[in-house]
Amino acid sequence: MTEQQKLQPSEEAILEIADNMRCGYISYFNLQTGAITFIPENLDGYDLGEDNPWKEIETEIKQSPSSFLSFAPLPKDIASQTKEEFIEKMEAGKLKEMLEHAMRNPNADKNFKVLLDNSEFRDAWAYFEDQKCQTLIKAVVEEFLSI
């Protein structure tokens, strides 16, 4: 693919990809058309049978992998680090203490989510996580374009 053929995701596309990452989807950015498609990262538990809604895109990606940039959800270590960074930025208080405790115990991700989903910090967390995803997406795009 030549330099002229490399499409770069728009800011709107980066926002969509970041949202997909936060929801547990792998996004594929088509370098030729700019289209974004996505599939769940983990298809376990889906009874796909003959009606696999992702079969067409999976086939397209397998046939032409160099036509796509892929973006998976945050790896577990980066997701945990992101949560820790968010907690560090919070002002001292009961919720901060509860989140710190949750992160040191089994089911940290689930407990973190439950605590935040029922708090006034839910939107702040979503924004913080989204910003982290966007930063990573932009880094992947920059690296790709520099090749």
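Before moving on, here are some points about what is shown:
- 3J(HN,Hα) couplings calculated from phi for the range 80-96 with the Karplus curve 6.51 cos²θ - 1.76 cosθ + 1.60 (θ = phi - 60°) are, in sequence order, 5, 4, 5, 4, 4, 4, 4, 4, 4, 7, 6, 6, 4, x, 4, 4, 4 Hz; Gly and Pro show x.
- Each other residue within a Cβ distance under 15 Å of residue 128 adds +1 if Lys or Arg and -1 if Asp or Glu, for a net charge of -3.
- Förster-model FRET efficiency, 30 Å R0, residue 126 and residue 62, C-beta, rounded to 0.05: 0.35
- Rounded to the nearest Hz, the phi-derived 3J(HN,Hα) couplings of the range 13-28 under the Karplus curve 6.51 cos²θ - 1.76 cosθ + 1.60 (θ = phi - 60°) are 5, 4, 4, 5, 5, 4, 4, 4, 4, 5, 8, x, 9, 8, 9, 10, where x marks glycine and proline.
- Signed unit charges on C-beta, dipole axis of the chain, positive-most listed residue 52, 35, 128: 128
- Number of Lys pairs (Cα under 23 Å; 8 or more positions apart or on different chains) in the chain: 24
- Assigned charges on the beta-carbon of Lys, Arg, Asp, Glu; the chain dipole about Cα centre (debye): 340
- Answer label for P(r) over Cα pairs in 10 Å bins from 0, in percent (calculated), chosen among (1) 10, 34, 29, 20, 7, 0; (2) 11, 43, 37, 7, 2; (3) 9, 18, 13, 12, 12, 10, 7, 6, 5, 4, 3, 1, 0: (1)
- Each stretch of four or more DSSP H residues adds -39500 (n - 2.57); spread over every residue of the chain, this sum gives -17500 deg cm²/dmol at 222 nm.
- The phi torsions of the range 31-41, fed into the Karplus equation with coefficients 6.51, -1.76 and 1.60 and a -60° offset, translate into couplings of 5, 9, 10, x, 6, 10, 10, 8, 9, x, 5 Hz, rounded to whole numbers, with Gly and Pro shown as x.
- Inter-label distance for residue 80 and residue 23, nm, one decimal - labels placed 7 Å from Cα along Cα-to-Cβ: 2.7
- Loop trypsin sites (Lys or Arg not before Pro), the range 47-147, which have at most 13 other Cβ atoms in a 10 Å radius of their Cβ (DSSP): 104
Laboratory data are not the source of any read-out in this text; all were calculated from the coordinates shown. Only a predicted model underlies this, so the values are computations on that prediction, with no experimental measurement involved. With ideal geometry, Cβ positions are generated from the backbone for all residues, glycine too; neighbour counts draw on all protein chains shown.
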